[in-house]
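See structure below.
The values are calculated or read from the model by the stated rules, or taken from the named source; none is laboratory data. Note that this is a predicted model, so its numbers are computed, not measured. With ideal geometry, Cβ positions are generated from the backbone for all residues, glycine too; neighbour counts draw on all protein chains shown. These area figures cover heavy atoms from the full protein model, side chains too; ligands, DNA and RNA do not enter into them. Shrake-Rupley method; radii C 1.70, N 1.55, O 1.52, S 1.80 Å.
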Amino acid sequence: MHQPQHCSDFDFQQGRWRVKHRRLKARLADCHDWEEFDGTCEQRPILGGNGNLEDNLLHLPASDYRAVALRSYDPASATWAIWWLDNRAPHSLEVPVIGRFENGVGTFYAEDLHEGRLVRLRFLWLGTDTETPRWEQALSTDGGQTWETNWVMDFERE
């Protein structure tokens, strides 16, 4: 049986990282107060390179928690799906964001709920060709016309 070649989009993130987090204290509430905290993550390939697992430790001001990003590539649609699972809700995978990398930027979307309200969710991967990639999360209440970035993660190799 022929094994498909792996997708290299997330190869930039393999290994161990120190992470600087910036997160809005309240989402979609006209909040401009950010909290900052540290974390670590380690990413490794799975599924013969057509997926990966990112294991995170986040040092929030109130308490630490662990989480994983599970990613899977579909060669037929040339898209990735990304799920989030953390130990605060250990039996609940969040809705996957789906998207792809174009010109070095990864853009992923999902329809989701925030406090009972339908929102559009966006993940961006930026600077993937640098030593300091960045991930951003944003929400939109108007179908993607405007976005509120609510979480930023800056990565630096350990």
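Considering only residues that are farther than 20 Å from GLY143 by Cα and open to solvent by 80 Å² or more (accessible area, probe 1.4 Å), which ones fall in segment 108-132?
Let us first name the residues in segment 108-132 that are farther than 20 Å from GLY143 by Cα, namely 125-132.
Scanning segment 108-132 gives ASP129, GLU131, THR132.
On the given criteria, is VAL105 without any contact (Cβ under 8 Å) to a residue 24 or more places away in the chain, open to solvent by 40 Å² or more (accessible area, probe 1.4 Å) and more than 23 Å from ASP33 (Cβ to Cβ)? Yes, satisfied. Of the residues making up segment 129-149, those that are outside any strand (DSSP E or B), at pLDDT 95 or above and among the polar types (S, T, N, Q) are THR132, THR141, GLN145, THR146.
Take GLY48 and decide whether it is in a helix (DSSP H, G or I) and among the small types (Gly, Ala, Ser).
Working: in a helix (DSSP H, G or I): yes; among the small types (Gly, Ala, Ser): yes.
Spelling it out, GLY48 is indeed in a helix (DSSP H, G or I) and among the small types (Gly, Ala, Ser).
Within segment 34-50, residues that are closer than 14 Å to ALA67 by Cα reach partners that are part of a loop (DSSP other than H, G, I, E, B) and not acidic (Asp, Glu) with beta carbons closer than 6 Å, at six or more positions or on different chains, in the pairs GLN43/GLN14. Residue count for segment 66-120, restricted to those that are β-branched (Val, Ile, Thr), touching an Asp or Glu at 6+ places or on another chain (Cβ under 6 Å) and in a strand (DSSP E or B): 2.
Can you work out which of the residues in segment 58-77 that are in contact with a strand residue (DSSP E or B) (Cβ under 9 Å, 6 or more places away or on another chain) and in contact (Cβ under 8 Å) with a residue 60 or more places away in the chain is farthest from ASP154 (Cα to Cα)? In this case the residue turns out to be TYR73.
Comparison of ALA62, ALA89 shows that the only residue that is open to solvent by 60 Å² or more (accessible area, probe 1.4 Å), of a type in the set (Gly, Ala, Ser) and at pLDDT below 95 is ALA62.
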